[in-house]
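Remarks on the structure that follows.
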Amino acid sequence: MHSSKNSLFLMELILSILFFALTAAVCLQLFVKAHLLSQDTINLNHAVTESQNFAEVFLAGDGSLKRFPDYFIDQLTPDSCSYDDSGMLCSFTLFYDKDWNPSGLSDHTYQITIAYTQKDQPAMRDAAITVSDTEDFYRIPLQKYIPREVSYEP
């Protein structure tokens with residue numbers, strides 16, 4: 001009779017340990033998920049801030065990308081500028097490491113690109129800002145009205 005009480009106690013102890021192990025595993029998964037969600041939020045926040053910087057430079061200018069190399073001169077790399085056949089700057093890219101510090105093309109984790117999206121409207125300049133790591137995860141479309149010059153002769 002004494003051994004059956006011991007075996008019942010051991011079975012109860014094993015079930016308690018199993019219950020606490022399962023509970024610990026679930027809690028650990030929740031903490032990992034919370035950390036990943038927090039990291040995604042931090043990255044999205046950095047992406048929004050850097051994209052707003054790009055948008056302000058574009059909208060404050062004349063609708064061209066020619067001011068970008070001057071404005072971001074401290075983050076400029078040889079791979080930042082892309083030109084079309086006529087020699088006009090058609091896209092501008094900055095590269096960032098995993099902590100959102102400026103980096104080069106070879107060791108970047110994130111990149112922010114502004115590029116023209118349409119060229120067939122004479123009074124509007126369309127561009128898009130795209131933030132990506134392995135895939136695009138944030139995008140802002142932009143439009144800048146380019147007023148026509150009108151001469152008035154009395």
Revision key, fill the gap. Within the stretch 98-154, of all residues that are over 27 Å from Gln39 (Cα atoms), free of Cβ contacts under 8 Å to residues at least 40 places away in the same chain and of a type in the set (Val, Ile, Thr), the one surrounded by the fewest Cβ atoms within 10 Å (Cβ to Cβ) is Val150
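Does Leu89 satisfy being buried (at least 16 other Cβ atoms within 10 Å of the Cβ), at pLDDT below 95 and within 30 Å of Ile146 (Cα to Cα)?
When the stated conditions are applied, Leu89 passes them.
The values are calculated or read from the model by the stated rules, or taken from the named source; none is laboratory data. Predicted model only: the values in this text are computed from it and were never measured. Methodologically, a virtual Cβ is constructed for each residue, glycine included, from the backbone with ideal geometry; neighbour enumeration extends over all protein chains shown.
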